[in-house]
1. Here are 25, 19: which of them is crowded, with 19+ Cβ neighbours inside 10 Å and not in a helix (DSSP H, G or I)?
2. Go through (1) under 20 Å from the mean Cα position of the chain (by Cα); (2) without any contact (Cβ under 8 Å) to a residue 60 or more places away in the chain; (3) within 25 Å of residue 42 (Cα to Cα) one by one and return the number of the condition residue 138 breaks.
3. Identify, please: which residue in segment 36-51 is without any contact (Cβ under 8 Å) to a residue 24 or more places away in the chain and within 15 Å of the chain's Cα centre (by Cα) and is, among those, nearest to residue 85 (Cα to Cα)?
4. Any residue in segment 156-165 that is closer than 16 Å to residue 24 by Cβ and under 22 Å from the mean Cα position of the chain (by Cα)?
5. Limited to segment 65-82, what total is found for residues that are touching a Ser or Thr at 6+ places or on another chain (Cβ under 6 Å) and either assigned by TED's automatic domain parsing to the domain that holds residue 158 or within 23 Å of residue 158 (Cβ to Cβ) (or both)?
6. Quick check on segment 80-87. Is at least one of its residues farther than 14 Å from residue 9 by Cα and surrounded by 15 or more Cβ atoms within 10 Å (Cβ to Cβ)?
Amino acid sequence: MNGRLLALLGVFAPLSIVTIGGGQTVIADMQRQVVDVHHWMTTAQFVNDFAIARMAPGPGSLLATLIGWQVAGFWGALAATLGLFGPTAFLMYGVAHLWKRHRGARWLTALESGLRPVAAGMIAAAVYVLLKGLDGGWLARAIAIVSTVLVMTTRIHALVLVVGGAAAFLALHAAGFV
């Protein structure tokens, strides 16, 4: 058990430091570590956990807590959560002090501008990993892409899209298209 707790800390603490742009930026590497390196769960289980974490109230980074729970129960959830949030909390304290002290400095503006594409690339990698691991084939991927576009361009509530996507999937499945 202690080995798994240390392994969870070893996976999530480094990810904590590279969460540039938010917790969603490390989803791709989190999936690689949890599924491919440590074999704690399958790709389908990871995608399901991701969906549960996104639907639950609170930050999407709580995916780490859910993974920790499945790997080693309560103590695993605690280890994964502390691993993901602890190092960043300490780092952000120092960064906030620097940002306040050097507000408006050219190097700070350049740093912020340089990190934006890094965060965008990491988010794109997470989208790729999640779409690739999605059960349901081309139809599930199409529904996910259409739903994402609708959430970003309209005011349709995400739950309406979940119900609509499920209905579309079931209807096309019943019609023999899947």
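The values are calculated or read from the model by the stated rules, or taken from the named source; none is laboratory data. Just so it is clear, the structure is predicted and the values come from calculations on it, not from any experiment. Reconstructed Cβ throughout: ideal geometry from the backbone, glycine too, with neighbour counts over all protein chains shown.
1. Just a single option satisfies the conditions, and that option is 19.
2. Every condition holds for residue 138 apart from (1).
3. If we take residues in segment 36-51 being without any contact (Cβ under 8 Å) to a residue 24 or more places away in the chain and within 15 Å of the chain's Cα centre (by Cα), then 49 is nearest to residue 85 (Cα to Cα).
4. yes
5. Count: 1.
6. no
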